[in-house]
1. Go through V16, V35, V107, V62 for me and flag whichever is crowded, with 20+ Cβ neighbours inside 10 Å and either not charged (D, E, K, R) or not in a helix (DSSP H, G or I) (or both).
2. Can you name the condition, by its number, that I118 falls short on among (1) over 22 Å from I30 (Cα atoms); (2) of a type in the set (V, I, T); (3) in contact with a Lys or Arg (Cβ under 7 Å, 6 or more places away or on another chain)?
3. Take I90 and tell me if it is assigned to a helix (DSSP H, G or I), of a type in the set (A, V, I, L, M, F, W, C), in contact (Cβ under 8 Å) with a residue 24 or more places away in the chain and surrounded by 15 or more Cβ atoms within 10 Å (Cβ to Cβ).
4. Need the failing condition index for P41 against (1) over 28 Å from V143 (Cα atoms); (2) assigned to a loop (DSSP other than H, G, I, E, B), just the number.
5. Picking from W25, W82, W89, which residue would you name as being over 30 Å from L122 (Cβ atoms) and touching a Pro at 6+ places or on another chain (Cβ under 9 Å)?
6. Which is crowded, with 16+ Cβ neighbours inside 10 Å and at pLDDT 95 or above, of L71, L54?
7. Of all residues in segment 110-125, which are farther than 14 Å from I56 by Cα and either small (G, A, S) or crowded, with 17+ Cβ neighbours inside 10 Å (or both)?
8. Being surrounded by fewer than 19 Cβ atoms within 10 Å (Cβ to Cβ), of a type in the set (S, T, Y) and more than 15 Å from S157 (Cβ to Cβ) is the requirement here; does T80 meet it?
Amino acid sequence: MKIKKLKPQGIRILKVIHIISSFSWVIGCIALCLVVFVIFPQSGDELYIHSKALKIVDDYLVIAGVIATTLTGLVYAVWTNWGFFKHRWIVVKWIMTITQATFGGFVIGSAINENVIIAATLRDAAMTDPVFINNLQTIKIFVPVMAACMIFLVWVSVEKPWKKQKNENMAVANFSEAVEFRDHFKNEAQTKSQTSRRKTNKEKKL
């Protein structure tokens with residue numbers, strides 16, 4: 001069964017939603033970096049507010065962006081001509097998107113959510129709690145990595161690297177095939193011409 005593709009108007013709407021979703025993810029990662037590296041809580045109450053702010057950014061910008069970006073990407077792959085594996089840059093985007101979504105959800109998201117619970121329960125004692133400190137270190141290490149990966153994905157979406165090279169390689173391959181095709185028929189024509197001349201010479205001798 002052939003899947004009906006989106007019309008140009010539908011593709012334009014899809015593109016807008018996909019771009020907004022991607023930037024929500026990027027802005028969310030940058031916002032997490034700012035909260036982690038710029039704001040330094042001095043008390044248990046401030047620590048709880050700090051942890052809660054991380055969770056709000058993660059829930060409403062990062063996770064929402066992840067879900068919307070993935071869904072619009074699926075629509076792009078199924079209901080437009082881009083597909084899943086037609087271009088190398090699309091494959092790279094899918095691998096990085098799935099990896100980041102999985103890692104972000106199970107590692108970064110878990111650390112953020114657990115710290116909110118610890119800060120709400122322990123307050124001042126949370127500032128020296130080893131689990132809280134370990135979770136905060138995890139966030140500090142991997143959130144900037146995710147932000148950098150997202151910026152790279154935006155660049156991939158805009159520049160579409162490897163596509164041009166692939167097209168150039170296909171053009172070279174097509175040209176080579178055309179030359180081989182031409183030479184093949186040229187050789188056949190020469191062979192037929194030589195055969196025809198030989199027959200003509202034999203007939204003249206007879």
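1. V62
2. Here I118 meets the rest and fails (3).
3. no
4. (1)
5. From the options W25, W82, W89, the qualifying one is W89.
6. Within the list L71, L54, the selection yields L54.
7. Scanning segment 110-125 gives I118, A119, A120, L122, A125.
8. No: the conditions fail for T80.
The values are calculated or read from the model by the stated rules, or taken from the named source; none is laboratory data. Owing to the predicted nature of the structure, the values given are computational and were not obtained by experimental measurement. Don't worry about glycine lacking a Cβ; one is built from the backbone with ideal geometry, like all the others, and counts go over all protein chains shown.
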